[in-house]
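Here, each number is a calculation from the coordinates, and none is a lab measurement. Owing to the predicted nature of the structure, the values given are computational and were not obtained by experimental measurement. Cβ placement follows ideal geometry from the backbone for every residue including glycine, while neighbour counts extend to all protein chains displayed.
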Amino acid sequence: MAWPAPVEALWNDMENVRAQLLKEAEGLSQGQSDWRPSEGEWSVGEILHHLTLAEVGTGKLTSKLLKDAPQPLPPFPPDLKGFSPVPAPPPGPARAPEVVYPERGHSPERLIADLKTIRERSRQSVERLAAVDPRVLRWRHFTLGEMDLAQWWLLHVRHETDHLQQLRDVKAAKGFPAS
Amino acid sequence: MDGKRRVKDLLSELGILPSTVLVIRDNELLTSDAVVGGDDVLEVRPVMSGGSGASA
């Protein structure tokens, strides 16, 4: 069954940025994956691990909100043509919460496989999102405040796009291993 | 658009915070350092409050 247009657009954006991310990450050696531009910055491997953790978290949140909501949930409104924008973040740098703080040293092959596995599960989450009115499913973000489920997934796309740029910056940084 | 420039510089000229939008060219999501210009047709899709739906 075809998804509502906003859900289709969301999924296409998720897949679009993921394809670019995998293109950048595939074929990297362990040394390249673990290399940090400086001690305070993340390596490519840490970025990939962080993105996996973040996507696992959004998937778990989707399951929880769908499970805990009063049933039956209202269906996806046919007249809903777009999702509400994510609330603007407060000024200043944000630090990733502990639950999505990455580990260093995982093999690049494992990191890529995990990203692909979790994306399969995310497709099921988006499928479920397409069947209900996402505006009634709400949860508080640690810095952005309360957001509905569609906003959580929109944030996921924006977040991954930012980390794609970060990953490219790491690969372009002086001292990045040639192999 | 005259000349080539990075997405973040173009958005800055338009008064748009890069973190508030997705910029798409030919069905490809662009990161902030991507270079655009010439005949590029861009879609600027707001995802965060403070964004803009302007086309560039």
- prompt: Direction-averaged shadow area of the convex hull around the Cα atoms of chain B, nm²?
  reply: 3.3 nm²
- line: Reduced to Cα centres, the span from segment A:82-127 to segment A:1-78 in Å works out to 4 Å
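Within the set of other residues whose C-beta is less than 15 Å from the C-beta of A:LEU80, count the net charge using Lys and Arg as +1 and Asp and Glu as -1. Mind showing how you got there, number by number?
On the way: positive: A:LYS81, A:ARG135; negative: A:GLU8, A:ASP79, A:ASP133, A:ASP148.
Net charge in that neighbourhood comes out at -2.
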query: When chain A is treated as a GNM, springs tying every alpha-carbon pair under 10 Å, which of A:GLU127, A:GLU39, A:GLU15 comes out with the largest mean-square fluctuation?
result: A:GLU39
message: Please list, ordered by chain and number, the residues whose modelled amide H lies under 5 Å from the amide H of B:LEU42; skip anything fewer than 5 residues away on the same chain.
response: B:ALA56
- line: For chain A the mean separation of alpha carbon contacts under 8 Å (6+ apart) over residue count, i.e. relative contact order in percent, is 40 percent
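Below 8 Å, C-alpha to C-alpha, sequence gap of six or more: please give me the relative contact order for chain B in percent. The partial results should precede the final answer.
Details: 94 pairs, mean separation 22.2, N = 56.
The value is 40 percent.
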query: Within segment A:79-139, which trypsin sites (Lys or Arg not before Pro) sit in a loop by DSSP and count at most 11 neighbouring Cβ atoms inside 10 Å?
result: A:LYS81, A:ARG95
message: Show me, for segment A:46-55, the HN-Hα J-couplings you get by feeding each phi into the Karplus relation (A = 6.51, B = -1.76, C = 1.60, θ = phi - 60°), rounded to Hz, glycine and proline as x.
response: 5, 4, 5, 5, 4, 5, 5, 4, 5, 6
- line: Applied in sequence order to segment A:130-136, the curve 6.51 cos²θ - 1.76 cosθ + 1.60 (Karplus, θ = phi - 60°) yields integer Hz couplings, x standing for Gly and Pro, of 6, 9, 10, 7, x, 5, 8
task: Kindly provide the Kirkwood hydrodynamic radius of the protein assembly as shown in Å, to one decimal, from all pairs of distinct alpha carbon atoms.
output: 18.8 Å
message: Run the reach check for A:LYS23 against lysines, Cα to Cα strictly under 17 Å, same-chain hits fewer than 8 apart removed. What comes back?
response: A:LYS116, A:LYS171
